[in-house]
Amino acid sequence: MLKPVELEIELFCLGMRVDESCRVDEDGRRISRTRAGLGSGLELVLPSPKKKIWINVPVVEPFAAKSPFLLVKSGSGYAVSDTRTGDHYPVEVPKEPGWYSWKTTSGTEMSRVGVLQGTYLGIYVSNACLYWNLPASPACAFCTTGRNVGEAEESRKLVEDVIEVAKAARDHSGSIFTHLNTGYHFEDVDKLESLHGLRQCEPFVKAIRAEVGGFIGVQAVPVPRRKFKEYDDLIAAGTDHFSFCYEFEDPEVFASLCPGKALTVGQPAFFEAMEYTAKKLGPGKVSGEIIAGPEPIDATKRAIDRIVNAGAFPTVCIFRPTLGSAMEHIDPPKPDEMKEVFAYLWRAVTRVGLPVGILPGIQVSLVVQPEEAAELVPQTLGTRLYETKLAALRALARPYVAWKRRPRGGRAATV
Ligand code: SF4
C-alpha cells in the first residue's frame with residue numbers, strides 16, 4: 001500500500017480515470033478552469049493519520065486517460081483503485097458548496113468570482129494578465145489564464161462581489177483564507193501605476209480585512225526595489241501572506257518558459273521581493289512558488305534551498321500539462337523523482353526550523369504541502385523535535401486565528 005503522501009504524489013503525476021459507476025458531477029465539486037488553470041481536476045480528500053490531504057487530481061488531460069488509478073464508487077462512498085496492485089484507497093469526494101451557484105447582488109454567479117482550492121478561496125481579481133496580450137504573447141507556457149478570465153470566470157471582479165463571495169465561503173464552507181492573484185500589469189510604466197497588480201489588490205485587501213476577516217494572501221508579479229513601499233502598504237492594509245511564482249530555478253528554463261516575466265521584470269526581482277517581504281512578515285509567511293518537472297530535479301532542490309534560506313516556505317507545484325496551455329503536450333514528471341523532491345523539501349524546512357502547517361483549516365489542493373512530505377523521510381530525533389515544535393506552535397496559534405477571523409470593520413474609512 002502507498003502512504004497517503006505517496007498516493008497524493010502519484011495521483012498528481014499520473015492522473016486518474018473515473019469509472020462509470022461514479023456520479024462525481026452530482027457528488028463532487030465542478031472542475032474549475034479558472035486562474036492559471038491548475039484547478040482543472042477533481043477535488044478529492046485522502047484520509048491520513050495526521051490530517052486529511054486535499055488534492056486536485058488531473059482527470060481531463062490526455063495523460064490521465066492512461067492512469068493506473070481508477071476512481072470507483074464503493075458502497076455509499078468512493079475509493080481510488082490502483083490497477084497495478086489491486087489496492088483500494090478510500091477517499092472522500094467533497095460536495096460542491098451550494099454558494100457556487102448563488103448570485104451576488106450584482107447578478108454574477110459566485111463561482112465566476114472565486115472558487116475553493118482545497119479549503120481556501122482563490123480569486124483572480126484583475127483583468128487578464130497582460131502577457132497574454134503583449135506582442136509575441138509571452139505568457140508563461142504552462143498557464144491558461146488568458147483563456148479562462150472572461151470565459152470561465154468574470155473578466156473584472158467587483159469589490160462588492162468579492163466581499164459577498166468571501167463571506168459565503170467563510171460562512172458556508174469555513175474558509176479562513178482568501179488568496180488574491182493578478183498576473184502582470186504594467187508595473188514599469190509609471191503613468192499607468194494604478195494598473196499595477198499589487199495596487200489592484202489593495203482595495204480588495206482592505207475590504208476583506210474590514211468586512212470578512214480571516215487571512216489574506218496576495219500573489220502578483222513583483223515590482224522593482226524602488227517600489228517596495230507597495231508591499232509595506234499592502235501589509236498595512238491587512239495582507240498576511242505574499243507568494244512569488246518564480247517557477248523555475250535555472251535562468252535559461254525560466255527565460256524560455258516564462259518569457260514575459262524574463263522580459264519585463266527578470267528572475268532576480270522575484271528573489272528580491274521574496275526576501276524583502278519575508279523579512280517584513282517573518283518566517284513562514286511568504287512563499288516561493290516553483291514548478292517541479294520541466295527542469296532537472298537538482299535545480300528544483302536548489303530552488304527549495306534558496307526559498308528556505310530566504311525565510312520563505314517552498315510551494316512546489318507538480319507540473320501539470322494543462323489543456324490549452326503551450327505545454328499541454330509535455331509529459332508530467334515521474335512519481336519517484338517527485339517523491340525525492342518532496343523528501344528533500346521536508347529535510348530543508350526541518351533544517352531551518354521553518355514553521356509550516358501552523359494554521360488549522362488551510363488546506364491547499366493544488367500542491368503537496370510541506371508538512372505532508374514528512375512521511376517520505378525516516379524519523380530522527382531532529383525531525384521528532386521539529387514536529388513537537390510545530391504541534392506547540394499550532395496550539396499557540398489558536399487564539400491568534402480566532403482574533404484574525406474577526407473583521408476589523410471601518411471599511412468606509414479605509415477604502
Ligand atoms: S504571470 Fe504567467 S502564470 Fe501568471 S497569469 Fe500571467 S501568464 Fe499566467
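Given T322, V377, A65, which one lies farthest toward the positive end of the charge dipole of the chain, if we put +1 on the Cβ of every Lys and Arg and -1 on the Cβ of every Asp and Glu?
Going by the Cα projections, it comes out as V377.
Within straight cross-link reach of K103, meaning Cα distance under 25 Å, which lysines are found once same-chain residues fewer than 8 apart are removed?
Within the straight-line cut-off, K103 pairs with K95, K157, K167, K206.
How many nm is it between the label spots at Q379 and S48, if each spot is 7 Å from the Cα in line with the beta carbon?
Here the answer is 1.6 nm between the modelled labels.
For W403 and L323 in one chain, what is 0.36 nm times their gap in residues minus the Cα-Cα distance, to one decimal in nm?
Details: separation 80, 0.36 × 80 = 28.80 nm, distance 4.13 nm.
Gain on extension, W403 to L323, equals 24.7 nm.
What Kirkwood hydrodynamic radius do you get for region 4-91 when you take the inverse of the mean 1/r over all pairs of distinct Cα atoms, in Å?
Values: mean 1/r = 0.0760 Å⁻¹.
Kirkwood radius, region 4-91: 13.2 Å.
At A262 and D233, where each label point lies 7 Å from the Cα along Cα→Cβ, what is the point-to-point distance in nanometres?
Modelled inter-label distance: 3.1 nm.
Calculate the spin-label point distance for A79 paired with D298, positioning each point 7 Å from the Cα along the beta-carbon direction, and give it in nanometres.
4.4
Please give the charge dipole size of the chain, origin at the Cα centre, charges +1 on K and R Cβ atoms and -1 on D and E Cβ atoms. Round to the nearest 20 debye.
1420
Using the Cα centre of region 229-373 as the reference point, and only Cβ charges (+1 on K/R, -1 on D/E), how large is the resulting charge dipole? Debye, rounded to the nearest 20. Could the numbers behind the result be given before it?
Numbers: 13 positive and 21 negative charges, 75 e Å.
Dipole size: approximately 360 debye.
Amide H neighbours of G118 under 5 Å, at least 5 residues apart or on other chains, H built in the peptide plane: list them.
Sorted by chain and number, the residues that satisfy this are S365.
When the helix-only estimate is applied to the chain (DSSP H runs of n ≥ 4, each -39,500 (n - 2.57), divided by the residue count), what is the mean residue ellipticity at 222 nm, nearest 500 deg cm²/dmol? Before the final figure, lay out the partial values.
Working: 13 runs with 146 residues, N = 415.
Theoretical 222 nm ellipticity from helices: -10500 deg cm²/dmol.
How large is the dipole of region 4-91 about the Cα centre if only Lys and Arg carry +1 and Asp and Glu carry -1, each at its Cβ, rounded to the nearest 20 debye? Before the final figure, lay out each step's value.
On the way: 12 positive and 12 negative charges, 60 e Å.
Roughly 280 debye for region 4-91.
If you stretched the chain out fully between S155 and H172, how much longer would it get, using 0.36 nm times the residue separation minus the C-alpha to C-alpha distance? Intermediate values should be presented prior to the final figure.
Numbers: separation 17, 0.36 × 17 = 6.12 nm, distance 2.51 nm.
Here the segment from S155 to H172 would lengthen by 3.6 nm.
Return the Rg/Rh ratio of region 63-142 with Cα-based radii and a Kirkwood Rh.
Numbers: Rg = 19.2 Å, Rh = 16.8 Å.
Rg divided by Rh gives 1.14.
Hey, what did the chain get for relative contact order, percent, Cα under 8 Å, at least 6 apart? Please report the intermediate quantities before stating the final value.
On the way: 833 pairs, mean separation 69.2, N = 415.
Rounded, it is 17 percent for the chain.
At 4 °C and 1.567 mPa s, grab the translational diffusion coefficient of the chain from Stokes-Einstein with a Kirkwood Rh over Cα pairs, rounded to a whole number in µm² per second. Write out the running numbers ahead of the final one.
Numbers: Rh = 21.6 Å.
After rounding, the answer is 60 µm²/s.
Could you state the principal axis extents of the C-alpha atoms in region 222-262, from the largest down, to the nearest angstrom?
36, 21, 14
Taking 0.36 nm per residue of separation and subtracting the Cα-Cα distance, what length does fully extending L393 through A255 add? Working shown, then result.
Values: separation 138, 0.36 × 138 = 49.68 nm, distance 3.92 nm.
Length difference between fully extended and current span is 45.8 nm.
Every number in this text was worked out from the coordinates using simple rules, so none of it is lab data. Just so you know, these numbers come straight off a predicted model, no measurement behind them. Methodologically, a virtual Cβ is constructed for each residue, glycine included, from the backbone with ideal geometry; neighbour enumeration extends over all protein chains shown.
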